[in-house]
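Novice: Please find one structure pasted underneath; my questions will follow.
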Amino acid sequence: MQPIMTSSPPVDLTQYTSELRRQVDEELNRYSLYDDDCPEHLAQAIRHSLLAPGKRLRPLLVLMACEACGYDRRAAIPAACAVEMIHTYSLIHDDLPAMDDDDMRRGRPTCHVAFGEATAILAGDALLAQAFEIVARDTQPGDVAARCVAELARAAGASELVGGQEDDLKAEFTSGGLEHLERIHRRKTGAMIRVSLRLGGLVAQATDSQLDALDTYGEKIGLAFQIVDDLLDLSGDEAAMGKRLQKDSTKGKLTFPAVLGEAESRRRAAALIDEACSAVAVFGARSAGLEALARYVVDRNH
Ligand code: GRG
């Protein structure tokens with residue numbers, strides 16, 4: 001497929017995001033139809049978690065960043081699916097008894113509850129590996145694919161997602177202040193959000209200043225997303241969230257509301273979203289999708 005430049009901004013944003021979600025879900029389904037060498041139990045475990053109704057925030061960011069740079073989003077579908085695979089692997093592993101020990105995720109029993117702990121670990125491992133396979137194989141041209149793979153590996157690795165998770169597992173309310181908390185979430189939650197935007201930009205062969213704008217937007221919404229996640233853990237609705245709530249507060253975890261209070265956390269999240277929207281104003285009318293998504297990050301109920 002030869003990517004083409006796009007010219008018109010999205011008209012109806014609800015329709016636009018549902019169309020993007022539909023495309024992502026269709027491709028995730030296709031990518032998770034495994035050959036006979038993949039054991040059936042493992043394939044079912046992967047599909048149970050990957051195809052469950054998540055928000056698909058990270059793949060939407062990939063596709064919208066690509067379009068904000070004026071490029072055909074179809075070129076970014078493999079990268080969009082790859083970030084969702086890595087995100088899903090991280091959720092499966094985070095839910096394990098050795099980590100957060102959760103029994104519900106995305107409105108379904110967690111992977112280890114439904115398929116056993118060993119298979120859940122392997123399902124996560126398989127998704128992590130497959131993410132790199134599809135970006136390397138299905139992204140064009142080859143040098144862009146190589147850069148995407150390198151940036152994705154860095155974001156998923158020891159100094160970003162995995163390092164942030166390690167620090168978060170140890171973070172108690174008494175273990176540090178705002179700076180420590182932000183440092184954890186820039187890596188644990190923020191890294192995959194930032195890299196999603198960068199991959200969209202890289203596929204679109206964006207300029208350095210466009211990539212910088214996407215970076216700034218990603219950093220701001222990543223932090224705002226985590227603040228809202230902490231607030232929803234306190235007062236959200238379990239059915240809407242599809243997972244158990246109030247785990248952080250009862251465990252005495254280091255969270256934004258615990259450090260800043262609820263009102264200041266809300267104010268801070270709203271300010272971050274305004275800053276994120278200013279950063280992508282450089283894309284003109286093409287920033288409409290990213291701006292709407294940023295507003296959704298603070299207004300969401302799940
Ligand atoms: C195991 C390496 C490793 C990392 C785990 C993702 C993660 C790191 C932990 C999940 C726990 C958590 C509440 C993280 C904070 C915010 C977050 C990433 C929430 C889950 O993402 P959503 O809300 O989930 O986008 P859906 O299901 O909608 O995709």
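The values are calculated or read from the model by the stated rules, or taken from the named source; none is laboratory data. Treat the numbers as computed from the prediction; the structure is a model and nothing was measured. Ligands, DNA and RNA are excluded from the accessible area calculation, which covers all protein heavy atoms including side chains. Shrake-Rupley method; radii C 1.70, N 1.55, O 1.52, S 1.80 Å.
Novice: Note the count of lysine pairs whose C-alpha atoms are less than 19 angstrom apart in the range 13-299, limited to pairs 8 or more residues apart or on different chains.
Specialist: 14
Novice: Taking 25 °C and 0.890 mPa s as the conditions, I'd like the Stokes-Einstein D for the range 127-199 in µm²/s, using the Kirkwood hydrodynamic radius from alpha carbon pairs.
Specialist: 186
Novice: Still on this structure, I have one more. Over the chain, calculate the relative contact order: mean separation of alpha carbon pairs under 8 Å at least 6 apart, over the residue count, as a percent.
Specialist: Once normalised by length, the contact order is 20 percent.
Novice: Across the chain, what fraction of all alpha-carbon pairs, as a whole percent, falls in each successive 10 Å bin from zero upward?
Specialist: Cα pair-distance distribution for the chain, in percent: 6, 28, 37, 23, 6, 0.
Novice: A further question on this structure: Roll a 1.4 Å probe over the protein chains and send me the accessible area per residue for the range 56-141 in Å².
Specialist: I get 31 Å² per residue for the range 56-141.
Novice: Taking only protein heavy atoms into account and a 1.4 Å probe, give the accessible area per residue of the range 242-302 in Å².
Specialist: On a per-residue basis, 47 Å².
Novice: While we're looking at this one, here's another question. Membrane-span-like helices in the chain: DSSP H runs reaching 24 Å or more (Cα, own axis), mean Kyte hydropathy at least 0.5?
Specialist: Within the chain the helices that satisfy the rule are 77-94, 117-138.
Novice: Just the Kirkwood number for the range 84-171, please: inverse of mean 1/r across all distinct Cα pairs, in Å, one decimal.
Specialist: Its Kirkwood hydrodynamic radius stands at 14.0 Å.
Novice: Would you work out what percent of the accessible area of the range 95-183, with all protein chains in place, is carbon or sulfur (probe 1.4 Å)?
Specialist: 56
Novice: On to the next question. Hey, what's the range 168-236 come to in accessible area per residue, 1.4 Å probe, Å²?
Specialist: For the range 168-236, the solvent-accessible area averages 37 Å² per residue.
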